[in-house]
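Following: one structure in structure tokens, then a few remarks.
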Amino acid sequence: MIRKAVIPAAGYGTRNLPVTKSVPKEMFPISGKPALHYIVEEAAGAGIREILIIVSRGKNAIIDYFDKSVELEHHLRKQGKPHLMNHFPFPDMHIQYVRQPEALGLGGAVRLAEPFVGNEPFALLLPDDLLVDGVETLNRMIRVYEVYKRPVIGLRRLEDKSQLRNYGVVQGEWIAPSLVQIAELIEKPVDKPPSDLAVLGRYILPPEIFSYIKSTKPGNGGEVQLTDALRAWLQTAAIYGMEIKEQCYDISKTNEYIELQWLMYQKQLDTK
Ligand code: G1P
């Protein structure tokens with residue numbers, strides 16, 4: 001039922017400067033593969049074949065990574081190492097790109113996906129957040145969407161309350177284990193968080209989200225926040241949050257990035 005995924009990768013990566021001045025955060029390596037590889041893998045595992053990546057200036061490394069490299073393939077064949085081509089990703093995925101000319105917030109980026117999405121629900125996957133069992137999580141979110149046909153937002157419980165300031169935060173009523181009907185939704189920075197449930201970069205959204213984004217006024221720094229569009233929608237319709245208990249790492253945080261690197265490296269050793 002969910003055939004399409006949108007991956008915003010147009011941000012400046014200001015939390016990770018200076019490296020992000022020339023290396024997109026989405027290309028940060030994790031056990032030899034860029035972070036974005038795992039996100040596309042997650043979508044593929046959930047049966048999604050149509051992907052739109054929103055890029056911007058300086059992000060061509062992303063486009064090159066998912067492209068066929070005829071010279072490299074030729075070179076590897078000549079060297080007698082064609083097996084190394086097995087690492088080249090996703091021949092059966094259809095990946096397209098749209099370029100965002102100016103960083104106008106997550107809402108501004110998602111808005112560019114409207115022609116791609118058309119009139120169907122889609123998954124929105126933020127490449128900052130890497131889930132170790134991402135496929136399982138995404139499938140669970142899709143199942144929740146299939147029941148309610150309403151937006152479903154991934155949530156992460158943050159034990160360290162000081163971290164809540166860095167995320168959107170929700171508050172609501174538990175209607176099933178791991179499932180919250182959201183009553184309040186606030187974009188970062190949140191001074192007095194109403195709960196310890198942070199918005200994680202996984203969403204299943206119906207296409208009506210675009211009209212809410214269009215009528216959302218820009219907030220801080222002229223950025224249009226997706227959270228604000230969802231908050232406006234919440235006034236007239238239900239929105240659900242699914243607590244994600246699987247291991248999740250925010251790669252824009254150095255400590256979590258290093259932890260994830262180590263974990264994936266060990267996983268790789270285990271499979272050898
Ligand atoms: C976005 C959302 C924020 C959410 C976060 C999760 O922020 O606006 O509500 O908590 O993703 O990664 P960004 O990281 O794009 O600034």
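If you go through the stretch 233-254 and pick out every residue that is farther than 21 Å from Tyr12 by Cα and either surrounded by 14 or more Cβ atoms within 10 Å (Cβ to Cβ) or in contact (Cβ under 8 Å) with a residue 40 or more places away in the chain (or both), you end up with 14. No other residue among Tyr257, Tyr212, Tyr203 is within 16 Å of the ligand (Cβ to nearest atom) and under 18 Å from Ile7 (Cβ atoms) apart from Tyr203.
Could you list all residues from the stretch 184-197 that are surrounded by 15 or more Cβ atoms within 10 Å (Cβ to Cβ) and farther than 11 Å from Met242 by Cα?
Here is the first cut: in the stretch 184-197, the ones surrounded by 15 or more Cβ atoms within 10 Å (Cβ to Cβ) are 185-188, 190, 193-197.
Of everything in the stretch 184-197, those that are surrounded by 15 or more Cβ atoms within 10 Å (Cβ to Cβ) and farther than 11 Å from Met242 by Cα turn out to be Leu185, Ile186, Glu187, Lys188, Val190, Pro193, Pro194, Ser195, Asp196.
Residues in the stretch 255-272 that are in contact (Cβ under 8 Å) with a residue 40 or more places away in the chain and either over 18 Å from Arg156 (Cα atoms) or among the hydrophobic types (A, V, I, L, M, F, W, C) (or both): Leu260, Gln261, Leu263, Met264, Tyr265, Lys267, Gln268.
A search for C-beta distances below 7 Å between a residue of the stretch 174-187 that is away from the ligand (no atom under 16 Å from the Cβ) and any residue that is of a type in the set (A, V, I, L, M) and modelled with pLDDT of 95 or more, counting only pairs 6+ apart in sequence or on different chains, returns Trp174/Val180; Ser178/Met242; Leu179/Val144; Leu179/Met242; Gln181/Ile175; Gln181/Ala238. So which of Gln247, Gln163, Gln266 ends up being closer than 30 Å to Phe28 by Cα, within 13 Å of the ligand (Cβ to nearest atom) and modelled with pLDDT under 95? Among Gln247, Gln163, Gln266, only Gln163 is closer than 30 Å to Phe28 by Cα, within 13 Å of the ligand (Cβ to nearest atom) and modelled with pLDDT under 95.
Grab the strands (runs of 3 or more DSSP E) fully contained in the stretch 69-133, keeping just those with 2 or more residues being hydroxyl-bearing (Ser, Thr, Tyr) and in contact with a strand residue (DSSP E or B) (Cβ under 6 Å, 6 or more places away or on another chain). So that I can check it myself, show each step before the final result.
Numbers: elements: 94-99, 122-125, 129-131.
In the stretch 69-133, there are no strands (runs of 3 or more DSSP E) which contain 2 or more residues that are hydroxyl-bearing (Ser, Thr, Tyr) and in contact with a strand residue (DSSP E or B) (Cβ under 6 Å, 6 or more places away or on another chain).
With respect to the conditions (1) more than 15 Å from the chain's Cα centre (by Cα); (2) in a helix (DSSP H, G or I), Val40 falls short on a single one, namely (1). Summed over the stretch 92-113, residues that are surrounded by fewer than 16 Cβ atoms within 10 Å (Cβ to Cβ) and either basic (Lys, Arg) or within 16 Å of the ligand (Cβ to nearest atom) (or both) total 2. The numbered conditions (1) over 28 Å from Lys4 (Cβ atoms); (2) surrounded by fewer than 17 Cβ atoms within 10 Å (Cβ to Cβ) are all true for Leu164 except (2).
What tally of residues in the stretch 75-114 results from selecting those that are at pLDDT below 90, within 29 Å of Pro206 (Cβ to Cβ) and charged (D, E, K, R)? Of the residues in that region, 2 qualify.
The values are calculated or read from the model by the stated rules, or taken from the named source; none is laboratory data. Note that the structure is a prediction, hence the values are computed from the model and not measured. All Cβ positions, glycine included, derive from the backbone under ideal geometry; neighbour counts span all protein chains shown.
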